[in-house]
Every structure is written in structure tokens, then in C-alpha cells.
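Computed from the coordinates by the stated procedures, all read-outs in this text should not be read as laboratory data. Just so you know, these numbers come straight off a predicted model, no measurement behind them. Positions of Cβ are backbone-derived with ideal geometry, glycine not excepted, and every protein chain shown enters the neighbour counts.
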Amino acid sequence: MKKTFFVLLPLILLLSNISSAQQRIVSLSGAISEMLCSLGLEDQIIGVDVTSNYPASLKQKASVGHNRNISAEGIIALRPTLVLAVKDELKPEVQEQLRLAKVNLQVVKQEFSPAGTRSLLQEVAKITNTEAKGKQLLSSFDKEMAALKIANNGRKVLFVYARGAGSMTVCGTGQSPDQMIRLAGSANAMTGFEGFKPLSAEALVAANPDVILLFDSGLQSVGGVDGLLKVPGVINTNAGKNKKVISMDGQFLSGFGLRLPQAILQLNKKITG
């Protein structure tokens, strides 16, 4: 513990020179970053994680890496007055180091549901003292959600997380892709387990999805639709036979930010189209 403290000490001293009136925010969540921008705080964001890709202007901010592999030093070096992170996404040791450095770290809960998005927005607005603007955004979000008329389409959808043909897993229950598939009026083709597990040809054929869903980056990593069809078992499913493979931007599909209504509608159209 003492060794960690002395390593961070030079960076801690940098924080003492920042005026308390100056807002310097580091966001470690794409959904939170999107909300901060909608709340009118984009100019106060000084650093973001790699999932913070919307709006596109966030790409000009300093990047601190992926929220699950971030170092405290990289955050502290930006001299933030506020760091926002989602619970369970920031390593406990990094949280401890930030708190030792007297960084104002606010860890919030995120649930993958419309109600979870509402709660996250309210929490972020409260932390940043933008509750009036937050109420306006919440009203617009609720209206967009209410306007969705998504009927059950009877399709079984399989979500595949791919990082190349040699690294592919499928989504069970309790994850954001599973919830999105359900919100879009479809059924998850993989049930009986939570989280992710390696893709197997046997399980794939047994699940027999009508549609296979990937992130855009994942589909590219396996060589597009043609590459995916070469994966053992894919061609033996309804999705493979009909070449019904769809993809969406990862953060848009699974982020559960304020664009959730648009993401649900787009996914529904891709599934049924």
C-alpha cells in the first residue's frame, strides 16, 4: 500500500493546483459520456474510455483505454475533478488508487433495461448538478420509448461476440445483447446459461437461430458474412442457410444510453427486414 502511495504522490500533487470551480470530467463509460454531452457538459470532459465513441467529437478527447484495463496513473495525470464509472467495470484496485489520490470518483450502477437507463441518467444529472436538464432529457426519452410499437416477431436471434474466427463466444441470458434482442421483439436463441460461453458447432446447430447478430467490428474480424458462413455449424442453421447475418455498432447496440429507443427500432428492422 505504501509503495503504491509513493508512486502516485507526484500525480496527487498535481491535483492540488486545480481550482475547485473548474470542472474536469473523466468518463469511463460510453453511456455516461453520451449523457454528459446531452446534459451540456461536453466541453468539461477531458478524458474518456474507448467505448465513448458518440458523439464522434469525443474521439478528440484524451483516451484512457478500456474501462476494464485502465490504470489509475493515466487518469490522475489528466488532473480530473470528477471521474465517473459504472459499478463492476472498474477494477477495485484502480478505484482504491484513485481514492488514495483524493480523486472524486463516483461509481454508479447500470442495469440493462429502459428503467436502468432512466436511473443512470438521473444519477449522472444529480452528480453533475444538471438535474433540470436531466428532467428534460428524461421526458424526451420516455416519449421515445412510449412511441415504440414493437410486436413479437417470432425470430430466434443468436448474438456472437467475435474477435476473429478463433475467438468467438455466444451470449446467454443477463447480458445487454440478450436484453436488446428481447426488447426488439425476438427471442434469444441461447438459453439455459448466463453470460457468455465459447461457440460450438453442436450448440449452434441445436439452437438453430433464424438470425445471427454481431457487433460491426466482430463481423469484420471474421471476414464478413462470407467468413462467418465458413465457421463450423453456421451453414446448418436457418440463419446460415438464408444468410441472415446482421451487425450494429457495439456501443449503440449494447450501451443502453439515451439512444436506446433508436437502437431497439433499428435492431427490430434489421431482424425483420
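Observations, loosely collected:
- Of the residues screened, Gly164 is one that is farther than 27 Å from Gly40 by Cβ, under 22 Å from the mean Cα position of the chain (by Cα) and part of a loop (DSSP other than H, G, I, E, B).
- Region 114-129, subset closer than 22 Å to Arg79 by Cα and in contact (Cβ under 8 Å) with a residue 24 or more places away in the chain, residue surrounded by the most Cβ atoms within 10 Å (Cβ to Cβ): Val124
- Any hit, region 123-130, residues being hydrophobic (A, V, I, L, M, F, W, C), in contact with a strand residue (DSSP E or B) (Cβ under 6 Å, 6 or more places away or on another chain) and assigned to a helix (DSSP H, G or I): yes
- Conditions (1) in contact with a Cys (Cβ under 7 Å, 6 or more places away or on another chain); (2) at positive phi; (3) not small (Gly, Ala, Ser): number failed by Asn208: (1)
- Of the numbered criteria (1) surrounded by fewer than 15 Cβ atoms within 10 Å (Cβ to Cβ); (2) basic (Lys, Arg); (3) closer than 20 Å to Asp178 by Cβ, the one Arg259 fails is (1).
- Within region 130-149, the set of residues being farther than 16 Å from Glu42 by Cβ, surrounded by 14 or more Cβ atoms within 10 Å (Cβ to Cβ) and touching a residue at least 40 places away in the same chain (Cβ under 8 Å) comprises Phe141, Glu144, Met145, Leu148.
Matching residues to (1) farther than 30 Å from Asn69 by Cβ; (2) without any contact (Cβ under 8 Å) to a residue 60 or more places away in the chain:
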{"position": "Arg99", "(1), (2)": "no, yes"}
{"position": "Leu105", "(1), (2)": "no, yes"}
{"position": "Val108", "(1), (2)": "no, no"}
{"position": "Phe112", "(1), (2)": "no, no"}
{"position": "Arg155", "(1), (2)": "yes, no"}
{"position": "Leu158", "(1), (2)": "no, no"}
{"position": "Ser167", "(1), (2)": "no, yes"}
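- Considering (1) free of Cβ contacts under 8 Å to residues at least 12 places away in the same chain; (2) among the acidic types (Asp, Glu); (3) surrounded by 19 or more Cβ atoms within 10 Å (Cβ to Cβ), the lone condition that Asp210 does not fulfil carries the number (1).
- Where a residue in region 214-233 is farther than 11 Å from Leu199 by Cβ and its partner, wherever it lies, is acidic (Asp, Glu), with Cβ under 6 Å and at least six apart: Asp216/Asp249
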